[in-house]
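Working notes for the structure below.
Throughout, read-outs are computed from the coordinates displayed, never taken from laboratory work. Keep in mind that this is a model prediction, so the values were computed, not measured. Here the Cβ positions follow ideal geometry from the backbone for every residue, glycine too, while neighbour counts run over all protein chains shown.
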Amino acid sequence: MDLGISGRVAVVTGAKSGMGRSTAEHLLREGVHVVLTDKEGPELQVTASELAALGQVRAVEADLSTAKGIEVLAAFANMAFDDKPTILVCAAGITGASGDFLELTDEDWIEALQTDLMAGVRATRAFIPHMRTAGWGRVVLFSSEDAVQPYIEELPYAAAKAGVLNLAKGLSKAYGPEGVLVNAVGPAFIATPMTDAQMEKKAKEKGISFDEAIKLTLDEERPGIVAKRRGRAEEVAAAVTFLCSEHASFITGEFLRVDGGSVMTMGG
């Protein structure tokens, strides 16, 4: 299927691994020129080298939890190819501090908000102006099942991801009339380095195997996931790539959950 985006330029944040990397791969296969960014330079460059066989790709290290980081990214991305970016995928994120709400500090909350919410605020503020000028744009922000089904030990993360939903809806109303479509995706329990680390920690704490930790999490915390497995990064990437395409030209302000049924209500 031709998604109608060949030749466009995309920026993908959080691109060194996991869902960000997989999204970059999907976009490259559609003929999109892709700028990859992440905090980790060496691993990011390895990813760029590996994806280069698929198409035009550039990479730049930038910490989007800071204003300086977005300045570095914007300057690089706007010069990386002949055209400026009209596709933005904000996949960068951290779990951040977790635990009892009463024991979490202001710094714990600020850390999660800076990466999981403000990185998206900074990136959209940097790249939407050109999309408005071009009269065409696609923005996909990564939220989470936690935004509508919060887990009590991850409240900073959940609150930040709820803010992402509000941001996506607000931006869709503000700039949709100018051809800039903004949506959010909500992955749940995807096999990524982030959830690998969580499962390794749980396995060590409980004295069980990695696979047993996954099963325990599915049974106790994700009973709504009907497939009884973690999702795959490429399953999320396929949904994101669709939202970036011409086939999604009448979709904006939406929250597309790629969660295997984890969120167990209609309203979420």
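Here's the list of aspartates and glutamates a cross-link from Lys169 could span, going by alpha-carbon distance under 19 Å and ignoring same-chain residues fewer than 8 apart: Asp116, Glu145, Asp146, Glu178, Glu254. Residues in region 143-150 carry Karplus couplings, in order, of 9, 6, 4, 4, 5, 10, 9, x Hz; the curve used is 6.51 cos²θ - 1.76 cosθ + 1.60 with θ = phi - 60°, and Gly or Pro positions show x. Over region 95-153, the hull volume per residue, using the convex hull of the C-alpha atoms, is 82 Å³. Residues whose amide H comes within less than 5 Å of that of Arg58, counting only those at least five positions distant or on another chain, are Val34, Val35, Leu36 (H built at 1.01 Å from N in the peptide plane).
Taking the square roots of 5 times each eigenvalue of the Cα gyration tensor of region 12-63, largest first, gives ellipsoid semi-axes of 16, 10, 9 Å. Each residue in Ile190, Ile70, Ile110 was given a count of other beta-carbon atoms within 10 angstrom of its own, and listing them fewest first yields Ile110, Ile190, Ile70. For the chain, the relative contact order comes to 20 percent (Cα pairs under 8 Å, sequence separation of at least 6). Taking amide H as placed 1.01 Å from N in the peptide plane, Leu88 has its amide H under 5 Å from the amide H of Val11, Arg138, Val139, Val140, each at least 5 places away in sequence or on another chain.
Taking the alpha-carbon centroid of each part, what is the distance from region 213-231 to region 1-65 in angstrom? Each part's Cα centre sits 30 Å from the other's. In the elastic network of the chain, a GNM with C-alpha springs shorter than 10 Å, the most mobile of Val57, Val89, Val46 is Val46. Among Thr37, Thr217, Thr47, determine the one that fluctuates most according to a GNM of the chain built with springs between C-alpha atoms less than 10 Å apart. In the Gaussian network model the winner is Thr217. The lysines within cross-link reach of Lys16, meaning a Cα-to-Cα straight distance under 17 Å and a gap of 8 or more places when in the same chain, are Lys39. Each residue of region 167-177 is assigned a 3J(HN,Hα), and the resulting list reads 4, 4, 5, x, 5, 5, 6, 6, 10, x, x Hz, derived from the Karplus form 6.51 cos²θ - 1.76 cosθ + 1.60 (θ = phi - 60°), x at Gly and Pro. Database remark: amide H of Arg257 closer than 5 angstrom to the amide H of Gly186 (H placed geometrically; neighbours at sequence offset of 5 or more, or on other chains; Pro and chain starts carry no H).
Annotation note: GluC sites (Glu not before Pro) in region 1-93 located in DSSP loop regions with a Cβ neighbour count of at most 13 within 10 Å are Glu40. With a simple spin-label model that places each label point 7 Å from the Cα along the Cα-to-Cβ direction, the separation between Lys228 and Glu200 comes to 2.8 nm. Counting beta carbons within 10 Å around each of Asp83, Asp108, Asp38, Asp2 and listing the fewest first gives the order Asp2, Asp83, Asp108, Asp38. For Rg and Dmax of the Cα atoms in Å, the candidate list reads [x] 18.7, 70; [y] 21.5, 69; [z] 17.9, 56; the entry that matches the value derived from this model is [z]. Just checking the listed ones, Thr124, Thr66, Thr105: in the Gaussian network model of the chain with Cα springs under 10 Å, the one fluctuating most is Thr105.
Remark: relative contact order (region 140-268) = 35 percent; criterion is Cα-Cα distance under 8 angstrom and separation of 6 or more residues. With R₀ set to 22 Å, the beta-carbon distance separating Gln45 from Lys68 gives a calculated FRET efficiency near 0.65.
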